[in-house]
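Q: Pasting a structure below so you can have a look.
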Amino acid sequence: MPDLYHLARPLLFRIDPERAHAMTIKAFKAGLVPACKPPVKDPALEQTIWGLRFPNPLGMAAGFDKNAEVIGPVFELGFGFVEAGTVTPKPQHGNPKPRLFRDPDHEAVINRLGFPGVGMNAFKTNLEKFLAGKSRPPGVVGINIGMNKSQTEPAKDYAILIRMLGPMADYLTINISSPNTPGLRDLQQKEPLTALLETVMEERAKSCGKHPPPLLVKLAPDMDDDRRGEIAATLMNAGIDGIILTNTTLARPDYLPEPFRAHPGGLSGAPLRDMSTQAIAAFYKFTKGKIPIIGVGGISSGQNAYDKIKAGASLLQLYSALVFKGPAVANSVNEELLMLLKADGYGNIGQAVGVGLNNK
Ligand SMILES: Cc1cc2nc3c(=O)[nH]c(=O)nc-3n(C[C@H](O)[C@H](O)[C@H](O)COP(=O)(O)O)c2cc1C
């Protein structure tokens, strides 16, 4: 029997993608969350990383809940953690519409949203509301921070966001890899990255009290191994706690059709899958497995998730698969992953991290 999502899918795909997303957020806010099975619960999927208890390894990636409005409903879908944001200090509209495109045949998305959002004050109010809720579900809440388009001194925006939101975050992600904010990806170069990391580490020490949240850096897939090695060394020197791999890509594989492939912006979904897995493997090697990695890019099945774990990811996220597979996707990925882990004789996911690399 097809579920409600699969019955509604043809209709949903006729609606403008950004409108469909806005409608989903509105429905979630109104408490209209699709009935899913209870989240998959098994000790093999549970981990403690950075002192945080993750009930399962699959998180909702940044960009779905930019304004921290629907964290509770996202947990109801079976995710073990939610990364809200990217949030910027000031509210901003983002790029002109249309700016979000889908290719259902290839399960691909292109976006050039450019961090539209309510800004950090309204974001904070939304987050406070969630955190104060009586029935807060188990799970971890990360906050992904980025700079306003108008900012010419990026470090200032990251510092104020850490001051304002750091004390409320289970973890913080420094996003320097969205392709839609001019100049943002330049922060992935050694000198600007070193300077930025110095500022953010200092700010965290100043503003986040005795239990500072772990600081993660989210990177692009579009770089060669020399650059990856350089960045890995810079992150380790700075004492960064985690790496998220990867953001969307500027690449356009040949098989993607026109006019979809011609849209400027970041590509996500199935065509990003192997690129991101390769980036995970490279960073796992360069960091000798010492910095936990969150793997993201094209995950839509337990096998995709398992491949990223074997390449060195300790945790996982997805976004695009929610569009194409529907709200049951988190549970199905976790269920399949659990079967794969058990079939290979692993008692816990942590034992499988990086086993696919030939130096292990
Ligand atoms: C519509 C859309 C908006 C996104 N917005 C953000 C964002 O604000 N910040 C961010 O770090 N990543 C953002 N991303 C990237 C995702 O978090 C993720 O890294 C990427 O989509 C790859 O995962 P996926 O293939 O499962 O979608 C966005 C992705 C999409 C599709």
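Only the coordinates and a few stated rules stand behind these numbers; no lab work does. Predicted model, so just to flag it, every value in this text is computed and none were measured. Reconstructed Cβ throughout: ideal geometry from the backbone, glycine too, with neighbour counts over all protein chains shown.
Q: Looking at the chain as a GNM with Cα springs under 10 Å, which of L318, L187, L172 has the largest mean-square fluctuation?
A: Ranking L318, L187, L172 by mean-square fluctuation puts L187 first.
Q: Filter the chymotrypsin sites (Phe, Trp or Tyr not before Pro) in region 247-337 to those in DSSP coil with at most 14 other Cβ atoms within 10 Å of their Cβ, and list the result. Could you put the intermediate results ahead of the total?
A: On the way: sites: Y255, F260, F283, Y284, F286, Y306, Y319, F324; in loops: Y255, Y319.
Qualifying residues, ordered by number: Y255.
Q: Now a separate question. Taking region 261-360, how much of its Cα-Cα pair set, in percent, is spaced more than 19 angstrom apart?
A: Numbers: 2058 of 4950 pairs.
Of the Cα pairs, 42 percent sit more than 19 Å apart.
Q: Whole percent per 10 Å bin, from 0 to the bin with the longest distance: what is P(r) over all C-alpha pairs of the chain?
A: Result, from short to long distances: 5, 26, 37, 26, 6, 0 percent.
Q: Around F123, under 12 Å between beta carbons, what's the net of Lys plus Arg minus Asp minus Glu among the other residues?
A: +1
Q: Tally the DSSP beta bridges in the chain and give the antiparallel ones as a percent, rounded to 5.
A: Bridges in the chain that DSSP calls antiparallel: roughly 30 percent.
Q: Further, regarding this structure: What distance in nm separates the simple spin-label points at K41 and M339, each placed 7 Å from Cα in the Cβ direction?
A: Placing both labels 7 Å beyond Cα along the Cβ direction yields 2.2 nm.
Q: GNM on the chain, C-alpha springs below 10 Å: top fluctuator among G295, G239, G265?
A: Its mean-square fluctuation being the largest, the pick is G239.
Q: By per-residue mean of other Cβ atoms within 10 Å, what is the highest-first order of 330-337, 351-358, 83-90?
A: Packing proxy ranking, top to bottom: 83-90, 330-337, 351-358.
Q: Under 5 Å between amide H atoms, partner at least 5 residues away or on a different chain: which partners does V87 have, H built in plane at 1.01 Å?
A: N144, I145, G146
Q: What net charge is computed for the residues neighbouring R19, neighbours being all others with C-beta under 13 Å from the C-beta of R19, Lys and Arg scored +1, Asp and Glu -1?
A: Values: positive: R14, K26, K97, R99, R102; negative: D16, E18.
The answer is +3.
Q: Which of P57, P38, P327 ends up with the largest GNM mean-square fluctuation for the chain, with Cα atoms connected below 10 Å?
A: P38
Q: Right, something else. Are there any trypsin sites (Lys or Arg not before Pro) in region 1-61 that are in a DSSP loop and have at most 15 other Cβ atoms within 10 Å? List them by number. Write down the numbers at each step before the final one.
A: On the way: sites: R14, R19, K26, K29, K41, R53; in loops: R14, K41.
Taking region 1-61 and a limit of 15 other Cβ atoms within 10 Å, the loop trypsin sites (Lys or Arg not before Pro) found are R14, K41.
Q: Continuing with the same structure: Could you check the simple spin-label distance between T194 and H6, using points 7 Å along Cα→Cβ, in nm with one decimal?
A: 5.5
Q: Run through region 174-265 and list the trypsin sites (Lys or Arg not before Pro) located in a DSSP loop whose Cβ has at most 10 other Cβ atoms within 10 Å. The partial results should precede the final answer.
A: Numbers: sites: R185, K190, R204, K206, K210, K218, R227, R228, R261; in loops: K210.
Of the trypsin sites (Lys or Arg not before Pro), the ones in loops of region 174-265 whose Cβ has at most 10 other Cβ atoms within 10 Å are K210.
Q: Next question. Grab the DSSP H runs of the chain that are 4 residues or longer, score each as -39,500 (n - 2.57), total them, divide by all residues and round the 222 nm result to the nearest 500 deg cm²/dmol. Kindly include the intermediate steps, with their values, before the conclusion.
A: Numbers: 11 runs with 130 residues, N = 360.
Estimated from H runs of four or more residues: -11000 deg cm²/dmol.
Q: Could you go through region 226-241 in sequence order and give the Karplus-derived ³J(HN,Hα) for each residue, using 6.51 cos²θ - 1.76 cosθ + 1.60 with θ = phi - 60°, rounded to whole Hz, and x for Gly and Pro?
A: Those phi angles translate into 4, 5, 4, x, 5, 5, 4, 5, 5, 5, 5, 4, 7, x, 5, 8 Hz.
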